[in-house]
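Structure, as structure tokens:
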Amino acid sequence: MPRVSYTEDEVAEAMLDVTDNGLSQNKSAQKREIPRSTLGDRLRGLPSRSEVTQPAQLLSKPEESRLVAWILRQEALGYAPSHSQVRATVNALLRQQGREKPVGVHWLARFMKRHPSIKTKIGRRQEASRFNCFTPTAVNWYFDIREREYGWIKPENTVNVDEGGIMAGFGLDSLVVGSSDPRKKAFLKGSQSRTGLALSRPSRQLAVF
């Protein structure tokens, strides 16, 4: 029985079974578990469903792929775009192509559904100087000094003592579009408008020997 979902690669392999390996359409469709009607249509040169619906999309597949790459690149640079910025970018592209109608309210949600590598996430604001200084060279330099001064400290012998305080002002964290990889956090480069009022001694890390 054909599966409900199948990939274009599987359809292409079924077509090769018929054209290059001498299998009948029935046997090839059964082997790849795809509908015989779909295989027959593709062998007659009919387009796939995604190719048929593509003209209804505002952007072509290559354009959407470039937009995804741009979003991920902006996030890596510390400038993950907001929803409004993504829509503004697409609208500017459409105007360059002579299409004045802007994207709809739900366009971005459908776009992200078509591209699961991106999603809406919280962008955490960081000072630009702090963002720029957090490099592999700086991190390695810190650990080289720590190991030279204290030797290797076991993780179970390390505790964190945090300060208490009140944040005065407004945070600039915001919703942005970025990588759907849970290991990748979106940090936004810029200034912070918060003032910290410390109520205890500064945060420091204590090593238990």
**region 42-61 - residue that is surrounded by 15 or more Cβ atoms within 10 Å (Cβ to Cβ) and not hydrophobic (A, V, I, L, M, F, W, C) and, of those, modelled with the highest pLDDT** = Arg42
**Asked** Taking Lys101, is it modelled with pLDDT of 90 or more and in the same structural domain as Val177 (by TED's automatic domain parsing)?
**Response** no
**Request:** Could you please give the count of residues in region 3-27 that are surrounded by 11 or more Cβ atoms within 10 Å (Cβ to Cβ) and either in contact with a strand residue (DSSP E or B) (Cβ under 6 Å, 6 or more places away or on another chain) or among the acidic types (Asp, Glu) (or both)?
**Result:** 4
**Request:** Considering each of Arg87, Arg95 in turn, give the residue that is charged (D, E, K, R), free of Cβ contacts under 8 Å to residues at least 24 places away in the same chain and exposed (fewer than 13 other Cβ atoms within 10 Å of the Cβ).
**Result:** Arg95
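The values are calculated or read from the model by the stated rules, or taken from the named source; none is laboratory data. Remember, predicted model here, so these are calculated numbers, not experimental data. For neighbour counting, all protein chains shown are included, and Cβ atoms are generated from backbone atoms with ideal geometry for every residue, glycine included.
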